[in-house]
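K.L.:
Would you mind keeping the following structure in view while I ask a few things?
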Amino acid sequence: MIWIEICAVVVIWLSLWSLIPRDEWWFRGADFPRLQILAVGLVTLLGLLLIKSEWTLFRELLLVGLIAAVAYQLKMVLPYTPIWKKQVKHVTKQQLNESQQISLLVANVLTPNDKYELLLQHIYQLQPDIVLTLESDKLWQKALQPIEQEYRYKVAVPLNNLYGMHLYSRLPLLESEIKFILSDEIPSIHACLELRSGIQVQLYCLHPKPPSPTEAKDSTLRDAELLIVGDQIKDLDESCIVMGDLNDVAWSRTTRLFQRISGLLDPRVGRYFMNTFHADYPLLRWSLDHIFHSTDFGLVEMKRLSHIGSDHFPIYVVLQTGKVFEQQQQSLDETPSDAEEAEDAIQEGIEKAEKEEKMVVDELAQPYK
């Protein structure tokens with residue numbers, strides 16, 4: 001019975017802990033394992049109800065708290081199951097139009113991973129219009145040279161700091177820009193591409209730092225980068241896609257705020273989680289790799305691909321644009337406090353970035369004093 005009670009206390013504590021609106025990694029870390037917390041909570045709840053033992057006041061309070069915690073975790077994850085209403089309509093056979101489609105493959109390759117052929121196999125088999133690699137360095141760039149004959153448009157940012165990225169496109173890139181939004185170490189790619197039908201799509205490729213003891217000690221810069229892009233998108237009257245390893249889960253406070261601010265949709269809602277990390281540990285997985293898009297896109301196909309030797313699984317999504325989808329689909333309603341919350345988070349991120357930059361400059365200048 002003691003282990004049941006300990007598990008119940010842990011589930012309740014983690015559920016309450018995740019509600020604290022702080023950016024430090026030891027708070028934000030509770031956002032990630034909601035499926036695992038839910039699974040432990042359900043087993044613990046079953047044990048608490050079935051094990052024959054005296055019903056003390058403590059046990060009754062524990063039961064009430066555990067039911068509330070399980071209900072909260074269910075509320076967070078159920079939208080990513082088939083029982084929920086789909087946020088993005090499926091493109092029917094009658095609606096299929098390849099000239100208005102775009103296929104996307106997103107792969108965090110893990111810089112030291114040298115199983116290049118596994119990703120190449122996916123590319124050759126699926127023939128996606130867009131390939132985005134994350135954590136790719138010069139070795140990965142060289143390994144992917146064979147596809148450049150087919151992918152004539154390329155934006156390369158090879159880095160050895162785990163934040164390099166490469167964008168390969170079969171479709172014409174009308175313009176592209178490499179931006180370092182808040183940090184000189186963290187690039188993003190912003191591009192405008194043209195579909196076969198002539199429709200232009202704004203593409204944003206992101207890979208912010210995760211809140212963790214080995215990366216960023218808080219989520220401030222990650223949240224701010226995502227919300228800066230979302231704030232830019234909300235004023236656009238164009239087709240948009242945001243994709244990459246956002247180092248955040250779909251159900252987090254920041255990701256949901258980003259969706260409300262930007263007006264973009266998540267094709268996973270009403271379907272499945274598509275957990276991409278960690279590829280080597282089946283019981284410790286959550287969705288870190290994302291593709292969000294504007295309301296004029298419907299979903300043709302979406303799947304997680306097989307292991308490529310990285311700690312992430314690649315994802316493959318095919319979208320089709322059309323006015324019919326824009327008329328049928330609605331973005332999430334923005335609440336009155338969203339704009340203020342986003343502005344505060346962006347300002348906090350900018351101030352933190354400026355402070356960190358000043359610290360670096362001061363350290364570099366120190367030996368010359």
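K.L.:
Return one whole number: the accessible area per residue of segment 238-358 in Å², for a 1.4 Å probe.
P.N.:
Normalised by residue count, the accessible surface of segment 238-358 is 39 Å².
K.L.:
Quote to one decimal, in nm, the extra length available between LEU19 and ILE2 on full extension: 0.36 nm per residue of separation minus the C-alpha distance between them.
P.N.:
3.5 nm
K.L.:
Could I ask something else about it? Which GluC sites (Glu not before Pro) in segment 1-84 sit in a loop by DSSP (not H, G, I, E or B) and have at most 10 other Cβ atoms within 10 Å of their own Cβ?
P.N.:
Within segment 1-84, the qualifying GluC sites (Glu not before Pro) (loop, at most 10 other Cβ atoms within 10 Å) are GLU54.
K.L.:
List the GluC sites (Glu not before Pro) within segment 73-176 that fall in a DSSP loop (any state other than H, G, I, E or B) and whose Cβ has at most 13 other Cβ atoms within 10 Å.
P.N.:
Counting only loop positions with at most 13 other Cβ atoms within 10 Å, the GluC sites (Glu not before Pro) in segment 73-176 are GLU150.
K.L.:
Taking Cα centroids, how far is segment 1-30 from segment 235-289 in Å?
P.N.:
Answer, in whole Å: 23.
K.L.:
Helix-derived [θ] at 222 nm for the chain: sum -39500 (n - 2.57) over DSSP H runs of at least 4, divide by residue count, nearest 500?
P.N.:
Value at 222 nm, helices only: -11500 deg cm²/dmol.
K.L.:
Near the amide H of SER239, under 5 Å away, which other amide H atoms are found, from residues 5 or more places off or on another chain, if H is placed in the peptide plane?
P.N.:
HN-HN under 5 Å from SER239: GLN202.
K.L.:
OK, next. Roughly how many Å² is the accessible area per residue of segment 149-209, as a whole number, for a 1.4 Å probe?
P.N.:
Normalised by residue count, the accessible surface of segment 149-209 is 43 Å².
K.L.:
For helix 338-365, report the angle its Cα long axis makes with the longest principal axis of the Cα atoms of the chain; keep it between 0 and 90° and round to the nearest 10°.
P.N.:
70 degrees
K.L.:
Which one of ILE228, ILE102, ILE178 has the biggest mean-square fluctuation once the chain is modelled by GNM with Cα springs under 10 Å?
P.N.:
Of ILE228, ILE102, ILE178, the most mobile in the Gaussian network model is ILE178.
K.L.:
With every protein chain present, what is the per residue accessible area of segment 1-108 (1.4 Å probe, Å²)?
P.N.:
Averaged over the residues of segment 1-108, the accessible area is 57 Å².
K.L.:
How far is helix 253-262 tilted, in degrees, relative to the longest principal axis of the Cα atoms in the chain, given as a value from 0 to 90 rounded to the nearest 10?
P.N.:
Taking the Cα atoms of the chain, the angle to 253-262 is about 40 degrees.
K.L.:
Show me the trypsin sites (Lys or Arg not before Pro) within segment 25-113 that DSSP assigns to loop and that have at most 10 other Cβ atoms within 10 Å of their Cβ.
P.N.:
Those that pass, being in a loop and sparsely packed, are LYS52, LYS85.
K.L.:
Related question: Could you look at the chain and say what percent of its accessible area is carbon and sulfur, using a 1.4 Å probe and all protein chains?
P.N.:
Carbon and sulfur atoms account for 57 percent of the accessible area of the chain.
K.L.:
Once both labels are modelled 7 Å past Cα along the beta-carbon direction, what's the GLU117-GLU343 spacing in nm?
P.N.:
5.7 nm
K.L.:
Under the 0.36 nm per residue contour assumption, what length would be gained going from the current alpha-carbon distance of ARG256 and GLN327 to full extension?
P.N.:
23.3 nm
The values are calculated or read from the model by the stated rules, or taken from the named source; none is laboratory data. Every value quoted in this text rests on a predicted model; they were computed, and no experiment measured them. Because the Cβ atoms are built from the backbone with ideal geometry, glycine has one as well, and the counts that use them run over all protein chains shown. Note: areas computed on protein heavy atoms with side chains; ligands, DNA, RNA excluded. Shrake-Rupley method; radii C 1.70, N 1.55, O 1.52, S 1.80 Å.
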